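First comes the structure, then the notes that go with it.
No value in this document is a laboratory result; all are computed from the given coordinates. Everything numeric here is computed off the predicted structure, so don't read it as measured data.
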Ligand code: SAM
Ligand code: SF4
Ligand code: SF4
């Protein structure tokens, strides 16, 4: 199953809810949001049925995300339904970590393979300013629990100039202490990031320069052939970290990712303005073969290269003007689409 640019359908991000218990400045900065109608949100059986179709078409990696996936009641039950499906090689989850300590054992027992926790700062006051909630301690407890139960984890950090760009080294050191590989993410102008401006982006080049000044020579890890978004690097002592240069050096040419929202809309690119509705055919009991053909046609016609198109624009502002985001279509938001 290749798209028009020869990219395979492999990697599916399943957003299980559009709700969140934080309000990160780069993702949900506004005061009010419109939420997906509850009756539209897929039941676990419906999600599981769609996953079967995707697996039959070549998907072999799934990441649960949101919104905050741990807010979805009994998400471990969904993990259990998906984990044992034939053809699935990798099942991961991205969380803000606030509720992780309480759920980690159930997630592991259900068959979750890997976990990523988002953490942008080690300062409690900054955490509160950045997320609007005083929950840094809960995130630390969640990370410690992930370390205990999974042995290792990944930690995603969005780097924003003037906000946390002075914490690159402390974050690498913190990652080392919890066996967590830090992945620095360039601030993206996705829907939801209504406060984005090019001046606030800290590029991969700058991140590498700062780390090199402190640690000395940094060696790139050769992972040619991989479609993973992060370029990985090793410090002299073997500590590894990644940088996701989605803004200054997009990786659309190898992108095998698509996203299913909690209400069953399928997006072929993070920047796509329209998705394919899979909920309606599913609820109208479309035969599996027809559903499969619908998804195959969708992927076969895919020509999206959203981040490369944004880069080519040169002059760049927030992707969706705030007046178009609010109270219009929640599907334009990053927290609905899943990161
Ligand atoms: N709530 C969970 C979390 O924060 O980990 C999962 C969903 S969140 C939308 C997934 C990822 O998207 C997070 O790691 C977050 O940092 C990232 N993200 C959100 N907005 C972003 C932006 N404007 N630029 C870069 N990454 C962003
Ligand atoms: Fe922050 Fe994730 Fe919630 Fe967005 S969905 S506000 S990145 S915790
Ligand atoms: Fe893939 Fe679209 Fe992101 Fe490019 S912008 S890497 S095509 S999701």
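One table, with the values for the structure above:
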| read-out | value |
| --- | --- |
| GNM result for the chain, Cα springs below 10 Å: residue of 234, 312, 110 fluctuating most strongly | 312 |
| Region 1-139: relative contact order in percent, alpha carbon pairs under 8 Å with at least 6 residues between | 27 percent |
| GNM result for the chain, Cα springs below 10 Å: residue of 43, 214, 147 fluctuating most strongly | 214 |
| Helix 288-300 vs. the chain, principal-axis angle (Cα, 0 to 90°, nearest 10) | 50 degrees |
| Percent breakdown of C-alpha pair distances by 5 Å bin, ordered from the shortest bin, for region 1-112 | 2, 11, 20, 21, 18, 14, 9, 4, 0 |
| Gaussian network model of the chain, Cα within-10 Å springs - most flexible of 157, 212, 94 | 212 |
| Stretch gain in nm, segment residue 236-residue 273, where the contour uses 0.36 nm per residue and the Cα spacing is subtracted | 9.0 nm |
| For the chain, the fraction of alpha-carbon pairs in successive 10 Å shells from zero, as % | 5, 26, 36, 26, 6, 1 |
| D (Stokes-Einstein, µm²/s), Kirkwood Cα radius, region 147-250, 1.002 mPa s at 20 °C | 150 µm²/s |
| Extension gain, residue 217 back to residue 85 (0.36 nm per residue minus Cα-Cα distance, nm) | 43.2 nm |
| Nearest-ten-degree value, helix 168-177 long axis tilted from longest Cα axis of the chain | 70 degrees |
| Per-residue [θ]222 nm for the chain (sum of -39500 (n - 2.57) over DSSP H runs n ≥ 4, rounded to 500) | -9500 deg cm²/dmol |
| If the convex hull is drawn through the Cα atoms of region 130-199, its volume per residue in Å³ | 107 Å³ |
| Crossing angle, helix 100-110 versus the chain [Cα axis fit, 0-90 degrees, rounded to tens] | 50 degrees |
